[in-house]
1. Being closer than 15 Å to Asn91 by Cα and in a helix (DSSP H, G or I) narrows it down to one residue among Ala50, Ala15, Ala26, Ala79; which is it?
2. For residues in region 21-41 being in contact with a Ser or Thr (Cβ under 7 Å, 6 or more places away or on another chain) and not β-branched (Val, Ile, Thr), which is farthest from ligand 1 (Cβ to nearest atom)?
3. Applying the selection to region 86-103, what residues are more than 15 Å from ligand 2 (Cβ to nearest atom) and surrounded by fewer than 17 Cβ atoms within 10 Å (Cβ to Cβ)?
4. How do the pairs read when you match residues in region 44-69 that are within 18 Å of Gly14 (Cβ to Cβ) with residues anywhere that are at pLDDT below 95 and not in a helix (DSSP H, G or I), using Cβ under 8 Å and keeping only pairs 6 or more apart or on different chains?
5. Please work out if Ser144 is under 16 Å from the mean Cα position of the chain (by Cα), more than 30 Å from Met1 (Cβ to Cβ) and near ligand 1 (Cβ under 10 Å from one of its atoms).
6. So which residues in region 242-261 are among the aromatic types (Phe, Trp, Tyr) and either within 14 Å of ligand 1 (Cβ to nearest atom) or over 16 Å from Trp152 (Cβ atoms) (or both), if there are any at all?
7. How do the pairs read when you match residues in region 249-261 that are within 17 Å of Asp148 (Cα to Cα) with residues anywhere that are modelled with pLDDT under 90 and part of a loop (DSSP other than H, G, I, E, B), using Cβ under 9 Å and keeping only pairs 6 or more apart or on different chains?
8. Only residues that are among the hydrophobic types (A, V, I, L, M, F, W, C) and touching a helix residue (DSSP H, G or I) at 6+ places or on another chain (Cβ under 7 Å): list them for region 144-171, please.
Amino acid sequence: MYKDLKDKVVVITGASSGIGKAMAEAFGSEQCKVVINYNSSKDKAEDVAAIVKKNGGDAITVQGDVSVEEDVVNIIQTAIDNFGGLDIMINNAGYEKATPSVEMSAEAFNNVMHINLTGAFVGSREACKHFIETGKQGNIINISSVHDVIPWPNYVNYASSKGGMKLMMETMSMEFAPKGIRINNISPGAIVTEHTKEKFSDDKTREETERMIPMGIIGEPHQVANVATFLASENASYITGETIYVDGGMTKYPSFMGGKG
Ligand SMILES: NC(=O)C1=CN([C@@H]2O[C@H](COP(=O)(O)OP(=O)(O)OC[C@H]3O[C@@H](n4cnc5c(N)ncnc54)[C@H](O)[C@@H]3O)[C@@H](O)[C@H]2O)C=CC1
Ligand SMILES: CC(=O)C(C)=O
């Protein structure tokens, strides 16, 4: 446990499932007050809130589509109205769907950019405004992806959004470092969630994916959540502008594992 996290107010977007859910549960175990954003799954979000409370924290749920600017503003206002402020902003909500580039409409491209990148920008901007107004040395964590550096054919919108997230974070981290506000990204590799379970239950797909990971295993949401609590804590007080890859080595050119090339 990180003692300094107790009673901190954490907003997590897209927290009704997967990595967002695991982070909500982990911050609950740190006795934080967690604002659980969901877009459409109210019941699932309420279930997550119940786990956060059982783990020793407090929780509230709030509907909001992160691609809509006013919704993101409202998510943060919910934290302020219900828990008296905001300490940790986690931009986690994300969406991806395979489409060959030549078949992708501008609307489909922009839709993913609005959710993954613009949503995280507005969340970061609003959090920074609050931190500056209140003189808080808060911190922001964006959940990016290994696809902020690994190109991903058929996912040009997704890879563009995650690549953009990297320089967005680095730029904002420099802008706000003098005020003691820390901003970092976590970039997961292949993580098994409700969303990816079906894909990885196919033996061929799982084995192909495992071959792309030097550690040879697909990760789990709690392994991402553990890094989020660390980054949010005082133990990470001198870390800003960084991307931490939680990927079993996926970004380290695994095709060179045999020592050839
Ligand atoms: N699972 C994996 O292997 C990896 C996941 N990631 C990233 O992790 C983050 C979480 O994804 P997962 O937990 O894997 O999947 P997930 O599908 O369980 O979680 C994504 C969440 O975002 C929410 N969401 C989607 N569009 C939204 C919108 N417009 N407004 C509000 N919420 C919205 C979904 O409802 C869902 O709860 C995403 O940013 C994803 O890109 C990155 C690398 C690998
Ligand atoms: C969705 C995603 O970023 C991966 C690595 O699968």
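1. From the options Ala50, Ala15, Ala26, Ala79, the qualifying one is Ala79.
2. Just the residues of region 21-41 that are in contact with a Ser or Thr (Cβ under 7 Å, 6 or more places away or on another chain), to begin with: 26-27, 30, 35-38, 41.
From what is left, the residues that are not β-branched (Val, Ile, Thr) are 26-27, 30, 37-38, 41.
On the way: Ala26: 13, Phe27: 15, Glu30: 20, Asn37: 6, Tyr38: 6, Ser41: 6 Å.
This residue is Glu30.
3. Going through region 86-103, the residues more than 15 Å from ligand 2 (Cβ to nearest atom) turn out to be 86-90, 100-103.
If the condition is that a residue be more than 15 Å from ligand 2 (Cβ to nearest atom) and surrounded by fewer than 17 Cβ atoms within 10 Å (Cβ to Cβ), then Pro100, Ser101, Val102, Glu103 are the ones that fit.
4. Short answer, once both residue conditions are applied: none.
5. It is false that Ser144 is under 16 Å from the mean Cα position of the chain (by Cα), more than 30 Å from Met1 (Cβ to Cβ) and near ligand 1 (Cβ under 10 Å from one of its atoms).
6. Of the residues in region 242-261, the ones among the aromatic types (Phe, Trp, Tyr) are 245, 253, 256.
Within region 242-261, Tyr245, Phe256 meet the criteria.
7. Tyr253/Gly261
8. Start the filter on region 144-171 by keeping residues that are among the hydrophobic types (A, V, I, L, M, F, W, C), which leaves 146, 149-150, 152, 156, 159, 165, 167-169.
Across region 144-171, the qualifying residues are Trp152, Val156, Ala159, Met165, Met168.
The values are calculated or read from the model by the stated rules, or taken from the named source; none is laboratory data. Fair warning: this is a prediction, and the values are worked out from it, not measured in the lab. Here Cβ is always computed from backbone atoms with ideal geometry, including for glycine, and neighbour counts include all displayed protein chains.
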